[in-house]
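Novice: Can you read through this structure? Questions will come right after.
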Amino acid sequence: MMSDTKPARMKNAGVLALKDLTLLNIREFEDSVTGSLSAGGRLCALFGMPYRLGNSIMPSADVITLVAAIGHGREGVIEVAATEVKDSYPALTRHLPQANCFEREIAEQWGVRPAGHPWFKPLRFHRCYRPGRDAWTRPLDGEILPCVTDFFRVEGDEIHEVAVGPVHAGIIEPGHFRFQCHGERVFHLEIALGYQHRGVERAVTKGPDKRTLHYMETLAGDTTVGHATAYCQVIEALSGMDVPARAEDIRAVALELERCANHTGDLGALAADVGFLPTSSYCGALRGDFLNMTALICGNRFGRGLARPGGVSFDMDGSRGDDLVERLERTFRGVKGAAELLWETPSVMARFEDTGRLSKRMCRELGVVGMAARASGVEMDVRSEFPFGAYRISRPPVRTWFSGDVYARARVRWMEIEASYEFIRQRIRGLSKGPVMTDAPLEPSPDSMVVSLVEGWRGEICHVAITDQDGRFARYKVVDPSFHNWMGLQMALRDQQISDFPLCNKSFNLSYCGHDL
Amino acid sequence: MIRAIAERVRQGKRTISFPKGTPVVPDRLRGLPVIDQARCTPGCSRCVDVCPTGAIGLVGQKVSVDIGKCLFCLDCVAACPGGAIGFSQDFRLASGSREALVYSGGEFRPACALEERTRRILGRSLKLREISAGGCNACEADVNVLGTTVFDLGRFGIQFVASPRHADGILVTGPVTANMRFAVMDTYHAAPPPRIVIAVGACAISGGPYIDHKEVSNGVDALLPVDLYIPGCPPHPLTILDGLLRLLGRL
Ligand code: SF4
């Protein structure tokens, strides 16, 4: 072991014994990550933990082990590599923009400085998890105030700065936006978050326990099914549980309902942002119809309480499936009508087209995921690249568009609703028979690692668990798709009118709480 | 244009008749707990052990559920050998008093109305500023839903406004993180009195899933006096609407 300089390879939700996790020196680590990314890989996760690898992992006060997970969609393989750092190491972000937020997070959590990081700022504004340290050498007894930090500034005649938030005009989550403008034109937008930080990753360590699943269901409330499924896959892999096929079917149905609900809500919100009220008001109600279908399955509109390690807690008994399909067909007809109105209305299209363009190249460079990447022509989707659960048997086709603008992000949403609609109907008609929960015990194996990927409605959800010698979480890393995509939104706003910000923002509709954890 | 009108006709009327009519709720909805004290097994405390937020109290053999902490997750129902705890479909959960949320069966007294004087100031309108302060954004989503054609909040004179200066009070979701404390207080003070405070969701009432984290306050009432608590994780939109109407003395 450990003499190898090749990263270990794993499958989605496969288990790796920690002794097989290749420990590289920092040079080899940088080369390996750089090589993997230039070979078409994407950084799914990069994080630190206060442990040293070995036959069994050991807590460590001065060494932080960095772990990188890189997804290779074409082969459906995830490469993992690790290295050890102390107080500082050469930042990967110097060459790899994808690492930007990950390295700022590592610095904030563990007090390790990525030297040469081009935009080295806190991410969530909290104290370092290792007492007595601070990567920015801020006073250790002072308070850390959110978003009190430097911001990128453009200087010059007639340049002005617009600051917005944390409390916004609508009922939305808190965040702080700084626009550098020349007249109406935005030169640069910088987004600072952290207001929603509630310490979930810290609290999940040493689990799983009675709260863990509830943390997972509330990482991002609109992605309850997505995150809960990713977590269940972690536990099931670690415990070697076989999940009944029927449970996997029901999870997939709920995941697609979640996608339909959010995409429909977003189509409505996009319509509202250009002042087109018909689609906006229809979609508001239709989104609720999808949520109510989820409630038909499990009693909760967001899917709380449905996915559980080992299966699902609610069966589709009796006429529930027929009822669901009937409602689905009715709602789908409504969404179709509402969406078509958008494409047929010139005043809507004039606002959608060519607004907030994000190029395919930029997406790849920044590691943008999911629907936003597909709208820029990047063909990526966990459901087909790293199939999990019911998607191993069948999956909706990957939908892309080429233009990367607000229109593309609206269009891809609609195409995905169409695809999910067909998929749900098929899955319910061919629902596997049998139980919905395994009776295998929940016993996470010690000294192991799992990377679990799920295609949530925004994009790739990545959970990584590393267990200690007792099978408890030494580290549980959550990467919400928004974590990758916030940077995409900032780039999409360059050279746009500031008045188009709400529209661009909605077209991404990213999660603040999923980012802030 | 004709297409748009045809579509309007096809989409139909969506507004529910609540509060006049009784709304249809999902059969698996988890509303007010049902507690059958007689079924509690002496010496057993399994519900208390499994509850993720410490919502269950057991004094002697008397079981109570603090619905201000409850995530309505069914973990206790699965753990209880005697079937002493269950959930009904009763969505009326809001209350003006924090103590009233500790429920041990029997009659539940839903929200009490604001005092006459305050209601006279408000007249027939209530303008609220929403503050999202550290939850999972599901509560916000179900507050937002009240603005759709299904619930049509405007018909009750209730509206969410963009500025606290235009608001009669604030509606808070989330446990109030350390990073949001300042903004919550600022927004509150920017609103003119009587400054009603409404806490929506387990987070805003007690900290919810994040109860006792050092990164959060355990709910809004750690900072401000609360006039109305609306339990749930998240509360069903009907629970929120019912609470708001009761606060205004309309139910
Ligand atoms: S109470 Fe529950 S649903 Fe509401 S914000 Fe908190 S975690 Fe989310």
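The values are calculated or read from the model by the stated rules, or taken from the named source; none is laboratory data. The structure displayed is predicted, hence computed values, not measured ones. Virtual Cβ from ideal backbone geometry, glycine too; neighbours counted across all protein chains shown. Note: areas computed on protein heavy atoms with side chains; ligands, DNA, RNA excluded. Shrake-Rupley method; radii C 1.70, N 1.55, O 1.52, S 1.80 Å.
Novice: Does segment B:10-17 contain at least one residue that is within 14 Å of chain A (Cβ to nearest Cβ), of a type in the set (Val, Ile, Thr) and touching a Leu at 6+ places or on another chain (Cβ under 7 Å)? Lay out the reasoning, then the answer.
Specialist: Quick first cut of segment B:10-17, residues within 14 Å of chain A (Cβ to nearest Cβ) only: B:10-16.
Still in the list and also of a type in the set (Val, Ile, Thr): B:15-16.
Subset that is touching a Leu at 6+ places or on another chain (Cβ under 7 Å): none.
No, because not a single residue in segment B:10-17 is within 14 Å of chain A (Cβ to nearest Cβ), of a type in the set (Val, Ile, Thr) and touching a Leu at 6+ places or on another chain (Cβ under 7 Å).
Novice: Okay, moving on. Please go through segment B:30-65 and give me each residue that is within 12 Å of chain A (Cβ to nearest Cβ), open to solvent by less than 40 Å² (accessible area, probe 1.4 Å) and part of a loop (DSSP other than H, G, I, E, B), ordered by number.
Specialist: Passing the criteria: B:Arg30, B:Gly31, B:Cys51, B:Pro52, B:Thr53, B:Ala55.
Novice: A:Glu190 passes all but one of (1) within 16 Å of the ligand (Cβ to nearest atom); (2) charged (D, E, K, R); (3) in contact with a strand residue (DSSP E or B) (Cβ under 6 Å, 6 or more places away or on another chain); which number fails?
Specialist: The failed condition is (1).
Novice: Still on this model: Among all residue pairs at least 6 apart or on different chains, which show Cβ distances below 7 Å where the first residue, located in segment A:378-406, is more than 24 Å from A:Ser432 (Cα to Cα) and the second is assigned to a helix (DSSP H, G or I) and open to solvent by 50 Å² or more (accessible area, probe 1.4 Å)?
Specialist: Pairs found: A:Val378/A:Lys360; A:Val378/A:Arg364; A:Trp401/A:Arg411; A:Gly404/A:Lys360.
Novice: How many residues are farther than 30 Å from A:Ala45 by Cβ and open to solvent by less than 40 Å² (accessible area, probe 1.4 Å) if we restrict to segment A:325-376? Give the steps one after another, and end with the answer.
Specialist: Initial filter on segment A:325-376 (farther than 30 Å from A:Ala45 by Cβ): A:325-355.
Subset that is open to solvent by less than 40 Å² (accessible area, probe 1.4 Å): A:325, A:328, A:331-332, A:334-335, A:337-339, A:341-342, A:345, A:348-349, A:352, A:355.
Residues in segment A:325-376 being farther than 30 Å from A:Ala45 by Cβ and open to solvent by less than 40 Å² (accessible area, probe 1.4 Å): 16 in total.
Novice: Now a separate question. Need the failing condition index for A:Gly303 against (1) modelled with pLDDT of 95 or more; (2) at negative phi, just the number.
Specialist: Status for A:Gly303: all satisfied but (2).
Novice: Going by the conditions given, is A:Ser313 open to solvent by 30 Å² or more (accessible area, probe 1.4 Å), more than 22 Å from the chain's Cα centre (by Cα) and more than 8 Å from chain B (Cβ to nearest Cβ)?
Specialist: no
Novice: Kindly provide the set of residues from segment B:206-230 that are within 11 Å of the ligand (Cβ to nearest atom) and either within 14 Å of chain A (Cβ to nearest Cβ) or under 21 Å from A:Arg202 (Cβ atoms) (or both), ordered by number.
Specialist: Filtering segment B:206-230 for residues within 11 Å of the ligand (Cβ to nearest atom) gives B:206-211, B:216, B:219, B:230.
Residues satisfying the conditions are B:Ser206, B:Gly207, B:Gly208, B:Pro209, B:Tyr210, B:Ile211, B:Val216, B:Gly219.
Novice: Consider segment A:316-331. How many of its residues are away from chain B (no Cβ under 11 Å) and outside any helix (DSSP H, G or I)?
Specialist: 2
Novice: Exactly one condition in (1) part of a loop (DSSP other than H, G, I, E, B); (2) within 26 Å of A:Glu28 (Cβ to Cβ); (3) at pLDDT 95 or above is not met by A:Arg124; state its number.
Specialist: Looking at each condition in turn, A:Arg124 falls short on (2).
Novice: While we're here: Among the residues of segment B:2-29, how many are at negative phi and not in a helix (DSSP H, G or I)? Steps first, please.
Specialist: Just the residues of segment B:2-29 that are at negative phi, to begin with: B:2-11, B:13-29.
Narrowing the set further to residues that are not in a helix (DSSP H, G or I) leaves B:13-29.
Summing the residues that are at negative phi and not in a helix (DSSP H, G or I) in segment B:2-29 gives 17.
Novice: Okay, next question. Can you tell me how many residues within segment A:64-97 are buried (at least 17 other Cβ atoms within 10 Å of the Cβ) and assigned to a loop (DSSP other than H, G, I, E, B)?
Specialist: 3
Novice: Turning to a different aspect of this structure: Return yes when A:Leu145 is more than 28 Å from A:Arg185 (Cα to Cα) and loosely packed, with under 14 Cβ neighbours inside 10 Å and no when it is not.
Specialist: On the way: more than 28 Å from A:Arg185 (Cα to Cα): yes; loosely packed, with under 14 Cβ neighbours inside 10 Å: yes.
Yes, satisfied.
Novice: So in segment A:98-118, with the set limited to residues that are in contact with a Ser or Thr (Cβ under 6 Å, 6 or more places away or on another chain) and within 18 Å of A:Asp31 (Cβ to Cβ), which one is surrounded by the most Cβ atoms within 10 Å (Cβ to Cβ)?
Specialist: Within segment A:98-118, the first condition is being in contact with a Ser or Thr (Cβ under 6 Å, 6 or more places away or on another chain), and the residues that meet it are A:99-100, A:103, A:113, A:115, A:117.
Pick out the ones that are also within 18 Å of A:Asp31 (Cβ to Cβ) and you get A:99, A:103, A:115.
Details: A:Ala99: 23, A:Glu103: 25, A:Ala115: 12.
Taking the candidates together, the pick is A:Glu103.
Novice: For segment A:176-254, which helices (runs of 4 or more DSSP H) that fit wholly inside it have 3 or more residues that are among the β-branched types (Val, Ile, Thr) and closer than 25 Å to B:Thr53 by Cα?
Specialist: Values: elements: A:200-204, A:212-217, A:224-239.
Filter on segment A:176-254 gives A:224-239.
Novice: Hey, another quick one. Filter segment A:183-218 for residues that are over 21 Å from A:Pro446 (Cα atoms) and among the acidic types (Asp, Glu); which is most open to solvent (accessible area, probe 1.4 Å)?
Specialist: Selected residue: A:Glu184.
Novice: Report yes if B:Thr149 is β-branched (Val, Ile, Thr), part of a helix (DSSP H, G or I) and away from the ligand (no atom under 11 Å from the Cβ), otherwise no. First the steps, then the outcome.
Specialist: Working: β-branched (Val, Ile, Thr): yes; part of a helix (DSSP H, G or I): no; away from the ligand (no atom under 11 Å from the Cβ): yes.
When the stated conditions are applied, B:Thr149 does not pass them.
Novice: Against the conditions (1) touching a strand residue (DSSP E or B) at 6+ places or on another chain (Cβ under 6 Å); (2) over 22 Å from A:Ser32 (Cβ atoms); (3) among the charged types (D, E, K, R), where does A:Asp157 fall short? Just the number, please.
Specialist: (1)
Conditions tested, residue by residue: (1) open to solvent by 10 Å² or more (accessible area, probe 1.4 Å); (2) farther than 23 Å from A:Leu213 by Cα.
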| site | (1), (2) |
| --- | --- |
| A:Asn262 | yes, no |
| A:Asp273 | yes, yes |
| A:Ala285 | no, yes |
| A:Gly305 | no, no |
| A:Pro309 | yes, no |
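Novice: Residues of segment B:142-179 being open to solvent by 20 Å² or more (accessible area, probe 1.4 Å) and within 16 Å of the chain's Cα centre (by Cα), which ones?
Specialist: B:Asn144
Novice: If you don't mind, there's one more thing I want to ask. When both residues are 6+ apart or on different chains and their Cβ atoms are under 9 Å apart, which pairs have a first residue that lies in segment B:193-205 and is within 14 Å of chain A (Cβ to nearest Cβ) and in contact (Cβ under 8 Å) with a residue 24 or more places away in the chain, and a second that is part of a strand (DSSP E or B) and within 8 Å of the ligand (Cβ to nearest atom)?
Specialist: B:Val200/B:Thr173; B:Gly201/B:Thr173; B:Cys203/B:Thr173; B:Ala204/B:Thr173
Novice: Then there is this: Residue by residue through segment B:179-189, note down the ones that are in contact with a strand residue (DSSP E or B) (Cβ under 8 Å, 6 or more places away or on another chain) and more than 8 Å from chain A (Cβ to nearest Cβ).
Specialist: B:Val184, B:Tyr188, listed by residue number.
Novice: Continuing with the same structure: Kindly list, by first and then second residue, each pair from a residue in segment B:134-145 that is part of a helix (DSSP H, G or I) to a residue that is of a type in the set (Asp, Glu) and more than 6 Å from the ligand (Cβ to nearest atom), limited to pairs with Cβ atoms under 8 Å and residues at least 6 apart or on different chains.
Specialist: B:Ala138/A:Asp222; B:Glu140/A:Glu173; B:Glu140/B:Glu130; B:Ala141/A:Asp222; B:Val143/B:Glu130
Novice: Could you list all residues from segment B:230-249 that are crowded, with 24+ Cβ neighbours inside 10 Å and on the phi > 0 side of the Ramachandran plot?
Specialist: Correct list: B:Gly232 only.
Novice: Assess whether A:Asp500 counts as being in contact (Cβ under 8 Å) with a residue 60 or more places away in the chain and among the charged types (D, E, K, R). Talk me through it step by step, then tell me what you get.
Specialist: On the way: in contact (Cβ under 8 Å) with a residue 60 or more places away in the chain: yes; among the charged types (D, E, K, R): yes.
The answer is yes for A:Asp500.
Novice: Scan segment B:96-118 for residues that are touching a Lys or Arg at 6+ places or on another chain (Cβ under 7 Å) and not in a loop (DSSP other than H, G, I, E, B) and jot them down.
Specialist: B:Ala100
Novice: Moving to a separate point now. Look at segment B:168-180 and say how many of its residues are more than 20 Å from A:Asp516 (Cβ to Cβ) and outside any loop (DSSP other than H, G, I, E, B). Step through it out loud before you land on a result.
Specialist: If we filter segment B:168-180 for residues that are more than 20 Å from A:Asp516 (Cβ to Cβ), which is where we start, we get B:168-171.
Still in the list and also outside any loop (DSSP other than H, G, I, E, B): B:169-171.
Going through segment B:168-180 one residue at a time, the tally reaches 3.
Novice: Can I ask one more? With respect to A:Ser60, is the statement that it is open to solvent by 10 Å² or more (accessible area, probe 1.4 Å) and modelled with pLDDT of 95 or more true? So that I can check it myself, show each step before the final result.
Specialist: Details: open to solvent by 10 Å² or more (accessible area, probe 1.4 Å): yes; modelled with pLDDT of 95 or more: no.
Here the answer is no, as A:Ser60 does not meet what is asked.
Novice: Mind listing whichever residues of segment B:181-201 are part of a helix (DSSP H, G or I) and within 16 Å of the ligand (Cβ to nearest atom)? Before the answer, list the steps.
Specialist: First pass over segment B:181-201, keeping only residues part of a helix (DSSP H, G or I): B:181-190, B:201.
B:Val184, B:Gly201, listed by residue number.
Novice: Are there any strands (runs of 3 or more DSSP E) wholly within segment A:394-487 with 2 or more residues that are among the basic types (Lys, Arg), and if so which? Step through it out loud before you land on a result.
Specialist: Values: elements: A:448-455, A:460-467, A:473-479.
By residue number, A:473-479.
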